[in-house]
Every structure is written in structure tokens, then in C-alpha cells.
Amino acid sequence: MIQENEIVMLILGGGVFIFTLVCQMRIKRIPEWQILVLGLYFLLAGWVLTVIEGFFWRSPLNYLEHLSYACSSTLMAVWCWRVVFGGKQGTKL
Amino acid sequence: MNLIVIFDLITFCTSLAALIILLIGWKCALSRDVKLLTAGLFVFTSLYSFCLVLEWSGITQVFDPFEDLIGALIPMWWAFIFYSFLQQLVSHDLRESEERYRTLISEMLNGFALHEIMVDNNHKPYDYRFLEVNLAFEEMTGLQGVDIVGKTILEVLPKIEPHWIETYGEVALTEKSIRFENYSQELDKYFEVLAYSPQKGQFATVFTDITDRKLAEEERERLEEQLRQSHKMEAIGTLTGGIAHDFNNMLGIILGNTELAIDDVPEWNPARLNLEEIKIASLRAKDVVRQLLSFARKTDQKRKPVKINPIITDVLKLLRSSIPTSIEIRSNIPKESQIIFADPTQINQVMINLCTNAAQAVEEDGGILEISLDSMTLDESTAQPNELSLGQYVKLTVNDTGHGIAPEIKDRIFDPYFTTREFGKGSGMGLAMVQGIVMNHDGAITVESEVGKGTTFNIFFPIVSREPVPEITIDEDLPTGKERMLFVDDEESILKMGRQRLERLGYKVESTTSPIEALELFRSKPDQFDLVITDLTMPKMTGDKLVKEILNIRPEMPIIICTGFSEKMDGEKAREIGASGYLEKPHEKSDLARMVRQVLDGKNE
């Protein structure tokens, strides 16, 4: 069953996704941007899966959803570590 | 515990870990906004995942609405984070750009200044303000940026000419660039200035110190001018050489006929005195031509120890007869004469030039021309300004009460070709020649003048202790002879005069104007002549060729070459081609008589 808040999250997440596409040249100047963007995309994947699971394959997609959240936050932790304690990519701001 | 709960726990723990990492490394390079937003994201993610753990572990469903709210905020938070990152990037780029601009401007070797134009109600520029200057500007101008930035040009340089404000105002208002060269009297430097407008109402100047280049250009122009003068002098030399030949020929006719006339006119006849004057003037004219040639070509001059007083006195006599009586001539010449090492003819020239100029200056209204001679000892204070050595000098002063020399031209009066007279009434060479002669005599010349009051020339000649060599007295009994000679000259007058001279000396003379005829005459009877006298420059056959032809016929034949002036012939060259003697025209009868006798007696000069 689809929940309204999941639709809202998906729409807002879609907006962020489009923003990253439009501003990709500038986003590439963020330190360790690949890890940051990948973390976002895993989160987005989770939001997509939570909507789709309302239609079919509820159980497997549910597992994937939560796995996506875990991957996303893990990547965020790695990004944070790299930026705070000296990553080599991106612009020193 | 099912897998979903495990995943949610991982999510929770890693979010918390990220938050802790961020808090520990709070002083990292991220901006404050980004750090706060990122921390917020980690907090929300932790809370969201905590709610999921509670829900999926079955502990409680109470936080489900809270979970939904946070879930909706998380994407918004992401958007804020990215936006904040981009803002930080823009600020960073701006800072870098400004830093690059500052480095570019400050490290420039050219001076740079940015200004803002100030206009009145009629939009007319009246001042401009300094906005920025670089280090090179400070070094070039001596104005410090901290003292002038924010101030206007009239506050910094109140005496600046108004046209600068107008010029730069036009650049600032029309946004058209200009480039020009400028000399700053205050800095004693030349600058090349480029002025442009980066935005309306402002103008920037970029200027380069081109003093070295300008000085090099001025030096080059000066050297080119010297070269031109040198070429002019060379041209004069060539011209003089060209006319000297003909002029000397004419002088020879005058001198020769005058001598003949003197011989024929008895001493009691008043005409004899006039003839003597003509002879003296002819000899002087001969020297003048020689001096002109030597001036143009810088050939050796004949200097010797001479008493200066008689030279000056002689010139005064000459001047009295040639200067209008409205001009009073005063002289102050001591009885005792000092001795200087000089060429009398050149001293003559100096006096004549200066006195002629002085006479012309007082001509219109009459006045006084005063000549003084004095001797003095120059010490350091008086010698140095005139670039003279210490010692004793004769000071010759020529003073007039004429119109004087304007201050703005006083420095140029000794320049060759400089004249204030109308075209055709003065070559501008007189004072240049005077200065040249004085300096060649190790002397100096100074001028003092006041407009409307008169001019004074002071000439210094070093005194020498050597006694003057007595003039060689001409033996009144000229050497004569009875030999036979052949006289060749294409100029009929010279031929006639020369023949007369030689016959009066006792010689038998055959003469012809044609060198071809002379050669035929000689060839027909080579032994009939004891001496050949020939001109050099003749049509159909030149004198040197005639000499060679004659020597081919009779190798030991004595021959004298006679010429007005020639670049190609002198005593040495005459001997080289086989001539026994060489005479320059015009010459006196005594010179001719002695030369002829010497050659005939076998004593070549």
C-alpha cells in the first residue's frame, strides 16, 4: 500500500536528483563528491523502492529499501571521514 | 532480530558516527553553513533510522508520524546542503579571482592606477579620485598608495594642468582608450601612458617608464645632427675645393699683374701704394682660401709664436676703412705685446668676424665698437668654467653697444649655420668659425650680452714664453737666369703674366695654351728647353700626363707643375710623377724666381 509521505519523499528526492544533474559541473568541485552523490543516490533508491514495494514484491523490495538506507548512511560516514580528515579530491574550500 | 532491523541499526550507527566525525573535525575546510546543514542531516538520518528500528523491531509504533515527518525533511535537507556547497564555491571563486587580480596588478612592472572621474552638474569633468594604485606606480611617482587612495588629483597634485583632467575625463565618459607619451617635469622622466575605461565613470592608466628609450632617441638624433653637420662641412670642403682652383687662378692673375705693375710704376707715384695694397689683399685672399680649405678639411694649420698686438692693430686699420664712420672705434691695446702660439691669418679672421658682427649690430643707430687687450692669470675659479688650464692668458675683448643678443638664442650663436639674418644675408658660419679657431688655439671664447645694451666677446689665448720667429725677409735681389723655358697654361691671362714675369727675370720663354702643341714643340727639339713650367688642369691633356710624355722623350728634363688647387696633386705627388718642383697659385714673383733657380740648379724641394 502506498503511503502519502513516501510519495512526498520521492517527489522531493526527485527534485534533488534533478538539481544534481543540472548543477553537476559545480557539484564536481565539492570535496569527495563521488561518495556524497553516491550516498544520495542510494537514499533515492530507497525512496523509489519504498513506493514500488506498494505494488509488487513487497518483501524483497522492502529488504532492498532498508539496505539502501544503510548503504547511504555508510557512504555519508565515509564521505565525512574523508572530508574532515583529508581527502584528495575536489576543491579545498 | 530480522534483517531489516539490522539494516536500520547500521543506518542509525553510521549516521551517528558521521555526526561524531563531523563534530570532532569541526574545524575542517567546509563552510560553517555546510557543516551545520550536514550535521543536521546526520541528526535527522539518525532519528529516522532509530524510528525505523523501533517500528520494524516491533517495540513501538508511536514514533511512526514523527518518522514520516523526518522522512519528508531529509530530501529538503539534502537540497539545502547542495545549495550551500554551491554558495561556498562561488565565494571561493570570487576570492580567488580577486586574489589573482591583486597579484596581477601588484606584480606588474608598469605603473597602474584606477580612478573615478568626478563631474559637475553640466557633466564636465573637474577632478578625479584615486581608487587603486600598484607598487610600480608608487616607485615611479614617489606617491604612496596609502596617502593618495581615496583622495582626488587636485588634493594630491594641486598644480596639475587642467588638460589632464579633461583628457582622462573623456576616456572615462566615452570609454574610448588613448595612448600617448608624456614628460613629467617633476619626476624628470618620460612615460608612455595607456588610458582606458573598465567601466563608465572610471578610467585606468597603465604607464611605462620610457626615459631610457627617449634619452637614447635624443642621443641618436644628436648624433644624426652631428653627422648631418659633418656631411655639410664635407660638402663645404668639396665646394670650396671646387672653387678654390678657379679662385686661385684668378688671384694668381691679380697678384702677378700687380707685381708687374709695381715693377713698372716708380716709387714716387701714388699709384704704387695702391698697387701694394692690392698685392697685400691678394696674398691675404690666398690665405683666406687656404684657411677655408683647412677649416672644412681640418688640415694642418700654421701656428707659430707671434706677437698679438700687431695683428690686432693691423685689423683695426683695415676695419677703420671698411666700417661706417657713424661707428666709433675705440681701442685699448697696451704697448707691450704678449706672445701667443697662433696662426696670424686665423687671428685676423677671428677679429674680422667679431668686429664685422659688432659693426652690424650698431650700424643702424651708430654706436661704439671697443677692442681691448689685456693679460691675466687664470686660477681655478676662472679657468675651470671656461675649460682652460691654469696659467697666463691674453684676453681679447670685442665690445659693442648694439642691440644685444636675446637670451633664448645666446646658447646657439656658435652653432654652424645659425643666423638671425634674412636668407642670403648671412651663412651663419662666422661665429662657428671663430669658436673653432679659438679652440684650436687652446683658447676659449665667452659672450656676455644684454638686449638693448650691447654684447661683449672675451677671447682667451694662452701666453707662450717662446720668442716669435722673425719673419723671413725677402731678398730684394731675385735670382735670375738666361735659360730657355717652355711655359704651358690654358688660361691666356696667366700665360701672358707668367711669360712677362719670367722674361723680366732674364729667361727666354716659349709659351702656349695648348698642352698638345707644347708636347709637339718639345718633341720637335727636346734639347732646346732647359725647363718646362706647366699648369695641371688643362683640356685635352692634363699637366701630369704632359709631364710623363715629356719625361718619356727626355727623362732628366726639369719640370715645374703649377696649379690653383687640386685634390690629386701636391708636392709629394709631383715628385712621384717625376716633376722637379711644385708651385701653388697664386704665388709671388719671388717664389717663382727661387723655385725656377732651384730646379735649374738641380736643388729640388
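Of everything in region B:584-597 that's modelled with pLDDT under 90 and surrounded by 15 or more Cβ atoms within 10 Å (Cβ to Cβ), which residue is farthest from the chain's Cα centre (by Cα)? The qualifying residue farthest from the chain's Cα centre (by Cα) is B:589.
Yes or no: residue B:310 more than 27 Å from residue B:236 (Cβ to Cβ) and part of a helix (DSSP H, G or I)? For residue B:310, the condition - more than 27 Å from residue B:236 (Cβ to Cβ) and part of a helix (DSSP H, G or I) - is met. Remark: residue A:77 falls outside the filter, which requires a residue to be more than 8 Å from every other protein chain (Cβ to nearest Cβ) and either under 24 Å from residue B:84 (Cα atoms) or polar (S, T, N, Q) (or both). Of everything in region A:51-70 that is out of contact with any Ser or Thr (no Cβ under 7 Å at 6 or more places or on another chain) and within 9 Å of chain B (Cβ to nearest Cβ), the residue that is surrounded by the most Cβ atoms within 10 Å (Cβ to Cβ) is A:66.
The residue pairs whose first member lies in region B:224-247 and is free of Cβ contacts under 8 Å to residues at least 12 places away in the same chain, whose second member is of a type in the set (Phe, Trp, Tyr) and surrounded by 12 or more Cβ atoms within 10 Å (Cβ to Cβ), and whose beta carbons are closer than 8 Å, counting only pairs six or more residues apart or on different chains, do not exist in this structure. Identify the residue in region B:377-401 that is in contact with a helix residue (DSSP H, G or I) (Cβ under 9 Å, 6 or more places away or on another chain) and modelled with pLDDT of 90 or more and, among all such residues, is farthest from residue B:442 (Cα to Cα). Residue satisfying both the conditions and the ranking: B:401.
Conditions tested, residue by residue: (1) within 11 Å of chain A (Cβ to nearest Cβ); (2) in a helix (DSSP H, G or I); (3) modelled with pLDDT of 90 or more; (4) under 60 Å from the mean Cα position of the chain (by Cα).
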position: B:11; (1), (2), (3), (4): yes, yes, yes, no
position: B:20; (1), (2), (3), (4): yes, yes, yes, no
position: B:42; (1), (2), (3), (4): yes, yes, yes, no
position: B:54; (1), (2), (3), (4): no, yes, no, no
position: B:58; (1), (2), (3), (4): no, no, no, no
position: B:83; (1), (2), (3), (4): yes, yes, no, no
position: B:99; (1), (2), (3), (4): no, yes, yes, yes
position: B:103; (1), (2), (3), (4): no, yes, yes, yes
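Suppose the filter is within 12 Å of chain A (Cβ to nearest Cβ) and surrounded by 17 or more Cβ atoms within 10 Å (Cβ to Cβ); does residue B:69 pass it? Judged against the criteria, residue B:69 is not a match. With (1) surrounded by fewer than 16 Cβ atoms within 10 Å (Cβ to Cβ); (2) within 9 Å of chain B (Cβ to nearest Cβ); (3) within 22 Å of residue B:90 (Cα to Cα) as the list, and residue A:83 as the residue in question, which single condition is left unmet? Unmet for residue A:83, out of (1) surrounded by fewer than 16 Cβ atoms within 10 Å (Cβ to Cβ); (2) within 9 Å of chain B (Cβ to nearest Cβ); (3) within 22 Å of residue B:90 (Cα to Cα): (1). Inspect region B:159-172 for any residue being more than 22 Å from residue B:208 (Cβ to Cβ), under 36 Å from the mean Cα position of the chain (by Cα) and not in a helix (DSSP H, G or I) and give the result as yes or no. Yes, that holds for at least one residue.
Of the residues examined, residue B:30 is one that is facing chain A (nearest Cβ under 10 Å), of a type in the set (A, V, I, L, M, F, W, C) and in contact (Cβ under 8 Å) with a residue 40 or more places away in the chain. Does at least one position in region B:318-325 carry a residue that is under 23 Å from residue B:441 (Cβ atoms) and either in contact (Cβ under 8 Å) with a residue 12 or more places away in the chain or within 40 Å of the chain's Cα centre (by Cα) (or both)? Yes, region B:318-325 has at least one match. All conditions in (1) more than 19 Å from residue A:12 (Cα to Cα); (2) more than 60 Å from the chain's Cα centre (by Cα); (3) at pLDDT 85 or above; (4) facing chain A (nearest Cβ under 9 Å) hold for residue B:75, with the sole exception of (1). Among the residues making up region A:17-50, those that are more than 10 Å from every other protein chain (Cβ to nearest Cβ), surrounded by 15 or more Cβ atoms within 10 Å (Cβ to Cβ), without any contact (Cβ under 8 Å) to a residue 40 or more places away in the chain and of a type outside the set (Gly, Ala, Ser) are A:38, A:41, A:42, A:48, A:49. For the criterion of being more than 25 Å from residue B:124 (Cβ to Cβ), modelled with pLDDT under 75 and either not charged (D, E, K, R) or not in a loop (DSSP other than H, G, I, E, B) (or both), residue B:186 fails.
The values are calculated or read from the model by the stated rules, or taken from the named source; none is laboratory data. Bear in mind that the values here come from a model prediction, so they are computed numbers and not experimental data. Using ideal geometry, Cβ is built from the backbone for each residue, glycine included, and neighbour counts are taken over all protein chains shown.
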